[in-house]
Amino acid sequence: MMVSWYWAIVGLWMILVFGSELPNASRSALWGQEGELWTPYDRLPDFSFAGYHRGNDSLPDVPVKANVRDFGAVGDGESDDSQAFLDAIASVSNGAVLIPAGRYRLTRVLKLSKSHVVLRGESRQSTTLSFQKPLSEIVGPAPALFGPEGHWSWAGGLIWCGPGGDQGKKLADIVKPARRGDRELTLSSVVGITVGTVIRVVQQESDGSLGRHLHAEREEAGECLVKQAGGRLVDFASGVAAVSGNTLRLERPLRADVRLKWRPAVFSHKPILQEVGVEHLTIEFPGPSYEGHIFREAGYNAIYLDGVSHSWVRNVTIIDADSGILTVPSVEPFTIGRFCTLEGIRLVTRHRNKPLNGHHGIALESPQDYLVTDFELETQFVHDLTVDSLANGNVFSKGRGQNLNFDHHRGLPFENLFTEIEAGLGTRLWENGGAPCAGPYSGARETLWNIRAATPQHYPDYPQLNIVGMTAWNSVREQMLWIESIAPDQLVPQNLYVAQRSHRLSRAGSTAGDQSSRGEAQHPSREKR
């Protein structure tokens, strides 16, 4: 009887301390079961705002305003339908251009340069855009920013969305320092800023210290990166949750410290190109063999997103591309695209049969808070999934490939997430590219969560790298490296982005349990995170 009472008391104590769920090795110490162990000051970033409309809305079903058949498109695979497509796109100012079932032969670039225009097929199985010529034949030699010696190596596309960027203006200086994880900013003025306004926190490199900060104080940013960015290494967008006097409260935590020597300022957020979509179709190319990593791409590139915000690519198959989806900015300093969703992307080969059949699969080179989800690579590129050129806050989620590589292409990518991905063989997970002058391969707090690979390489030497849900290595809890060796099929939650977004949306409008004001002083066990 005494034994029974003893265990009853122990059980009650554990429920009071841990809740209805007892501790379990399948849950990360960085997150817990439902975010109860997380604070914005920890090493695990908040990825919940990635995607269309800051992760708040589903992709829209835009009304059809034009049909390419009404402009003379035939869709028989023989007739050149280029002009009909161009005329249909030009006719729409706010709506979708429908491409009925058929195979459409095209010899021109389809440019989407107006906001609120969507290119929509009936389905990826029934609508095919067959591009017969590369960019080198249609446009001519590529600009220097797009590839060496006139080749279309890492920018430009046969569906060309842009140019975009942000025409927001400076609103105020930030007059008080803040730290990563904070949500409050003190400004010189709050004129023109109200609750619901989306603002940008901009900071400039001064003496190498901003670049070091974004590398977790380990290394400086690369010289050519700083030049290409015009010194602007931080340009972080957030909605405004509250305004009190000259103090703003942001809807999400800062991704970097705010220091006065970095000339911190608040700008408005006014995207030049937004609400653009490409959806429900297949893009195919003639399929000449890929020559290899010698930067001589002719420009069979499928979709180019040049500084595009609040837009999407949905349910698109791409066949035999030099590059699938590219985002390298067309101008310096960088134009930044934000809050886009790339969903249901399939990259395949029909005619190409080499081990590597293209240059870039999906390259996020400068975007912030893009979501790439439900993707599949049935072929291999030199760089399958790329982050580069200050890309941060981006998420690759629910994907698979034959032998994926997570290319960190230098240029200070930081705080990006790869989650719930079947990487295949895993022997090239961290085969990285990029010019040495762009600095180290990665900035701080890249996060891999539930990555399945048969024989993964040794983990890379990225500052404050987080790896949760891989069992190839022993657990490590150090300042520069955090590994939790949890079997992927036992990991809770399986997908960090989905869990963080659900956690945020379930708490929307509530101040109860707000963790943004909780500093590390209240969490001494997390000193090394």
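Tabulated data
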quantity: Leading residue by the ranking (farthest from residue 343 (Cα to Cα)) among those in the range 262-271 that are outside any strand (DSSP E or B) and open to solvent by less than 10 Å² (accessible area, probe 1.4 Å); calculated: 262
quantity: Members of the range 241-257 that are of a type outside the set (Lys, Arg) and either open to solvent by less than 10 Å² (accessible area, probe 1.4 Å) or closer than 24 Å to residue 411 by Cβ (or both); calculated: 248, 250, 253, 254, 256, 257
quantity: Residue tally, condition surrounded by 24 or more Cβ atoms within 10 Å (Cβ to Cβ) and under 11 Å from the mean Cα position of the chain (by Cα), over the range 366-389; calculated: 11
quantity: Pairs where the first residue, in the range 218-231, is on the phi > 0 side of the Ramachandran plot and the second is not in a helix (DSSP H, G or I), C-beta under 6 Å, 6+ apart; calculated: 230/333; 231/204; 231/205
quantity: Test: residue 112 is surrounded by fewer than 19 Cβ atoms within 10 Å (Cβ to Cβ), touching a Phe, Trp or Tyr at 6+ places or on another chain (Cβ under 9 Å) and closer than 30 Å to residue 251 by Cβ; calculated: no
quantity: Scope the range 289-345; condition without any contact (Cβ under 8 Å) to a residue 40 or more places away in the chain and either outside any strand (DSSP E or B) or in contact with a Ser or Thr (Cβ under 7 Å, 6 or more places away or on another chain) (or both); matching residues; calculated: 291, 294, 319, 320, 321
quantity: Subset of the range 53-90 [among the acidic types (Asp, Glu), open to solvent by 70 Å² or more (accessible area, probe 1.4 Å), touching a residue at least 12 places away in the same chain (Cβ under 8 Å) and farther than 12 Å from residue 104 by Cβ]; calculated: 70
quantity: Single match in 110, 98 (criterion: farther than 22 Å from residue 272 by Cα and touching a strand residue (DSSP E or B) at 6+ places or on another chain (Cβ under 9 Å)); calculated: 98
quantity: Residue count for the range 476-485, restricted to those that are more than 20 Å from residue 423 (Cβ to Cβ) and not β-branched (Val, Ile, Thr); calculated: 4
quantity: The range 201-224 - residue that is touching a strand residue (DSSP E or B) at 6+ places or on another chain (Cβ under 8 Å) and farther than 18 Å from residue 445 by Cβ and, of those, least open to solvent (accessible area, probe 1.4 Å); calculated: 202
quantity: Per-region count, the range 272-283, residues open to solvent by 20 Å² or more (accessible area, probe 1.4 Å) and at negative phi; calculated: 2
quantity: Matching option when the condition is open to solvent by 10 Å² or more (accessible area, probe 1.4 Å) and at positive phi, among 192, 156, 168, 147; calculated: 192
quantity: Among (1) of a type in the set (Lys, Arg); (2) open to solvent by 30 Å² or more (accessible area, probe 1.4 Å); (3) modelled with pLDDT under 95, the one test that residue 504 misses; calculated: (3)
quantity: Residue match in the range 388-404 (condition: touching a residue at least 12 places away in the same chain (Cβ under 8 Å), of a type in the set (Asp, Glu), within 30 Å of residue 273 (Cα to Cα) and in a strand (DSSP E or B)); calculated: yes
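The values are calculated or read from the model by the stated rules, or taken from the named source; none is laboratory data. Note that the structure is a prediction, hence the values are computed from the model and not measured. As a convention, Cβ positions derive from the backbone with ideal geometry for all residues, glycine included, and neighbour counts pool all protein chains shown. These accessible areas exclude ligands, DNA and RNA; they are computed on the full protein's heavy atoms, side chains included. Shrake-Rupley method; radii C 1.70, N 1.55, O 1.52, S 1.80 Å.
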